[in-house]
Amino acid sequence: MRKNQKIKDGILSSCIYASAAFTVCILVFIIGFIFVKGIPKINGHFLTAAYDDETAYVIAETIPEENRASDKNLLSEIGVYYDLEDDGVSMKVTDFTADSTAKDVTNMNGEGEKISKGDLITSIEPNDANHVRIKVTKVGGGIMPMMVSTLFLVVLSLLIAAPVGILSAIYLNEYAKPGRLLTIIRFAIQNLSGIPSIIYGLFGALVFVQMLGMQYSILAGALTISIILLPTMISTTEESLKAIPKGIRESSLGLGATKLQTTLRVVVPNALPGILVAVILSIGRIVGESAALLLTAGTVAAIPNALTGEGAAAATLTIKAYTILKETGDVSTSCGIGVVLIVLIILLNLASKAVTARFMKKQG
Amino acid sequence: MERNKVRDTIERIVETIFLLSALVGVVSVIAIIVFVFYKGLHPFFGEQAYPFLDFITGTKWAPGEGTYGILHMIVASIVATCGAIVVGVPIGLLTAVFLSEIADERLVKIIRPAVELLAGIPSVLYGVFGVGVIVPAILKITPQVQGQSILAVMIVLTIMILPTIITLSETALRAVPDRYREASLGLGASPIQTIFCATIPAAKSGILSAAVLGVGRAIGETMAVMLVAGNPESGMLSSIWDQIRPLTTNIAIEMGYASGQQQEMLFATGVVLFIFIMIVNLIMITITKKAGNE
């Protein structure tokens, strides 16, 4: 009997250890996989370049004939050193001479442009007496537009969700009296948190994208995400409001302050760290969101130049990681984006921990 | 007196603003339900109504021919979710037991952030992991020509629900008063017996709600699943090596270009998914209420 029990205990406890080990291993494995595949992708170009190649004609002034140097692999008329690419035609810009005119060129619309290192020059021909027409390709493959779009989306979503969420929490915790209204609001918020993001996406696609005519746009995405954020925003803020002792409010009220003065000058300042944590958690949520955005913000790998309508569609980092994998099967680029995402998430986690720790210390 | 009047008005205005903010959540829920259900139920009414029974029992989804059946997707969603729960809940619960009952503080300080990180990883990256690791691994043992399968979906979902299960179960276990453990140990039970016969039963409702939340997360997951499921339009699931198209991915894949009846059918798919989620939510609320009453 005793022995049996010992064996049973042994089996059960090894199950416990195995489970914990499994959890840790799986995390290490996932992070390890993404980093091993993704890190080789990360470099200056990956982080700063546009995603698509951009080819355009530009006009450059030529260096006066008498000043032209002559050297191997030098385009002497504009002072650009190059490496010939494998195709035998494209010239990859490697360096500039001191008097190079390539850094100050104009495009076909007469706007200022510049040729930079790494660009491909595919043709160069005379335009007029002292100008040449150059066909330049800015090589893509970078994730800059997606990082900017993600940032836009974070800012926009927070601008909408943070005020609404925080004010809601203040109402629920400071003003609302128990009753039917409060029950309904709480029930709604509880339900909101259980809805999967693809349903939010459907709703956003119908209402914001189609009915309100925003098309696939960053604003439609931000509005949809704002609804997704509400439950966490409200409950996290409420937690921090609840943590403030009743006595503080009562002394403020007792000194003759109104309810509003008490709320704004006493309660909210004390709850600020908690509210900050709510915001940080929300940023993590926005950065990681994908399904809802796929249906509302689109998959265009460019920096949006409007809030709605034409040119407002934008792919975030997560969406791009998905579309790259889906369309080209390129796991390593997706992992490269994954590395950026995971680093971001880790930083956000640390930030929220730091804020909480300071808050705790202050409270004693 | 005059000043007080102004002040009172401001107080009232601000309170109204607070109230209006709080109502945004309510309005959102109502709007989501109304719009999704209106658009999703529309094709089943009126002149050219699509027979609802064909929709719910059909196993062929062919928008080109005007055939919309989603039974195979419903089955796929349910089976994949069950698979993830059957494996994920025990592992998650035992990890939670380890964290709250066995591990010392130092170890907890390492594992807990790890679990938090697991929860924070964007779901797309689980999909990337699935495509890069799980699908190729399955390809080696599957009798079929592709690695995308319901098995891959189950594995990905199992991993994805772990953080939810662990965090909530751990909270539930830690909330069990120490006197339960002491009483059990005092009666001569071994520490492991105490965990399984006293602590876990006492935390039952918390663990149950963790599992229910896991169901919600698994059934609603889209992006990670879409990458490893294969997403065939039709065909009932017959083995764990089969490709599947769960409800969520059906919406995500076709919404980008669908219009007219096809788009309405995607909303109808959303309605079915929504009903599942509502059931899950109701169970959840019942459990928490019951626990609160106890």
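Values as computed for the structure displayed
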read-out: In the range B:103-124, the residues that are free of Cβ contacts under 8 Å to residues at least 24 places away in the same chain and either out of contact with any helix residue (DSSP H, G or I) (no Cβ under 8 Å at 6 or more places or on another chain) or aliphatic (A, V, I, L, M) (or both); value: B:A103, B:D104, B:E105, B:R106, B:L107, B:V108, B:K109, B:I110, B:I111, B:A114, B:L117, B:I121
read-out: Total residues in the range B:95-118, condition more than 30 Å from B:R181 (Cα to Cα) and more than 7 Å from chain A (Cβ to nearest Cβ); value: 0
read-out: Members of the range B:4-47 that are free of Cβ contacts under 8 Å to residues at least 40 places away in the same chain, over 22 Å from A:G165 (Cα atoms) and more than 27 Å from the chain's Cα centre (by Cα); value: B:N4, B:K5, B:V6, B:R7, B:D8, B:T9, B:F45, B:G46, B:E47
read-out: Verdict on B:K140 being away from chain A (no Cβ under 11 Å), part of a helix (DSSP H, G or I) and within 20 Å of A:N349 (Cβ to Cβ); value: no
read-out: The range A:248-264, residues that are surrounded by 13 or more Cβ atoms within 10 Å (Cβ to Cβ) and either touching a helix residue (DSSP H, G or I) at 6+ places or on another chain (Cβ under 8 Å) or modelled with pLDDT of 90 or more (or both); value: A:I248, A:R249, A:S251, A:S252, A:L253, A:A257, A:T258, A:K259, A:L260, A:Q261, A:T262, A:T263
read-out: Selection status of B:F98, more than 25 Å from A:I16 (Cβ to Cβ), in a helix (DSSP H, G or I) and aromatic (F, W, Y); value: no
read-out: B:L71, sole failed condition from (1) touching a helix residue (DSSP H, G or I) at 6+ places or on another chain (Cβ under 9 Å); (2) closer than 25 Å to A:V24 by Cβ; (3) not aromatic (F, W, Y); value: (2)
read-out: All strands (runs of 3 or more DSSP E) inside the range A:88-164 with 3 or more residues being modelled with pLDDT of 85 or more; value: A:91-96, A:120-128, A:131-138
read-out: The range A:122-152, residues that are hydroxyl-bearing (S, T, Y) and within 30 Å of A:P64 (Cα to Cα); value: A:T122, A:S123, A:T137
read-out: Residue under evaluation B:G270, criteria (1) buried (at least 24 other Cβ atoms within 10 Å of the Cβ); (2) within 13 Å of the chain's Cα centre (by Cα); (3) touching a residue at least 60 places away in the same chain (Cβ under 8 Å), criterion not met; value: (2)
read-out: Check on A:L182, within 11 Å of chain B (Cβ to nearest Cβ) and modelled with pLDDT of 85 or more; value: yes
read-out: Residue check for B:V75: surrounded by 15 or more Cβ atoms within 10 Å (Cβ to Cβ), of a type outside the set (G, A, S), within 14 Å of chain A (Cβ to nearest Cβ) and out of contact with any Lys or Arg (no Cβ under 6 Å at 6 or more places or on another chain); value: no
read-out: Hits in the range A:254-271 (condition: in a helix (DSSP H, G or I) and either touching a residue at least 12 places away in the same chain (Cβ under 8 Å) or within 14 Å of chain B (Cβ to nearest Cβ) (or both)); value: A:K259, A:L260, A:Q261, A:T262, A:T263, A:L264, A:R265, A:V266, A:V267, A:V268, A:N270, A:A271
read-out: Pick from the range B:1-58, criterion touching a Leu at 6+ places or on another chain (Cβ under 8 Å) and polar (S, T, N, Q), ranking: surrounded by the most Cβ atoms within 10 Å (Cβ to Cβ); value: B:S28
read-out: Close pairs (6 angstrom Cβ cut-off, 6 or more residues apart or separate chains): free of Cβ contacts under 8 Å to residues at least 12 places away in the same chain in the range A:25-52, assigned to a helix (DSSP H, G or I) and surrounded by 13 or more Cβ atoms within 10 Å (Cβ to Cβ) anywhere; value: A:I26/B:I159; A:L27/B:A114; A:L27/B:L118; A:I30/B:F129
read-out: Residue that is over 29 Å from B:I17 (Cα atoms), of a type in the set (D, E) and touching a residue at least 24 places away in the same chain (Cβ under 8 Å), where the choices are A:E310, A:E239; value: A:E310
read-out: Search result, residues across the range B:204-256 that are among the hydroxyl-bearing types (S, T, Y), out of contact with any strand residue (DSSP E or B) (no Cβ under 7 Å at 6 or more places or on another chain), in a loop (DSSP other than H, G, I, E, B) and touching a residue at least 24 places away in the same chain (Cβ under 8 Å); value: B:T222
read-out: Positions within the range A:332-346 being more than 7 Å from chain B (Cβ to nearest Cβ) and under 13 Å from the mean Cα position of the chain (by Cα), in sequence order; value: A:I337, A:V339, A:V340, A:V343, A:L344
read-out: Scope the range B:184-225; condition under 30 Å from A:R2 (Cβ atoms) and at the interface with chain A (Cβ under 10 Å from one of its Cβ atoms); matching residues; value: B:A189, B:S190, B:P191, B:I192, B:Q193, B:I195, B:F196
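Per-residue answers, yes or no, for (1) more than 10 Å from every other protein chain (Cβ to nearest Cβ); (2) of a type outside the set (K, R):
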{"position": "A:S282", "(1), (2)": "yes, yes"}
{"position": "A:L295", "(1), (2)": "no, yes"}
{"position": "A:G309", "(1), (2)": "yes, yes"}
{"position": "A:A313", "(1), (2)": "yes, yes"}
{"position": "A:T318", "(1), (2)": "no, yes"}
{"position": "A:D330", "(1), (2)": "yes, yes"}
{"position": "A:R358", "(1), (2)": "yes, no"}
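The values are calculated or read from the model by the stated rules, or taken from the named source; none is laboratory data. A quick note: this is a predicted structure, and the numbers were derived from the prediction, not measured. Glycine gets a Cβ as well: all are built from the backbone with ideal geometry, and neighbour counts include every protein chain shown.
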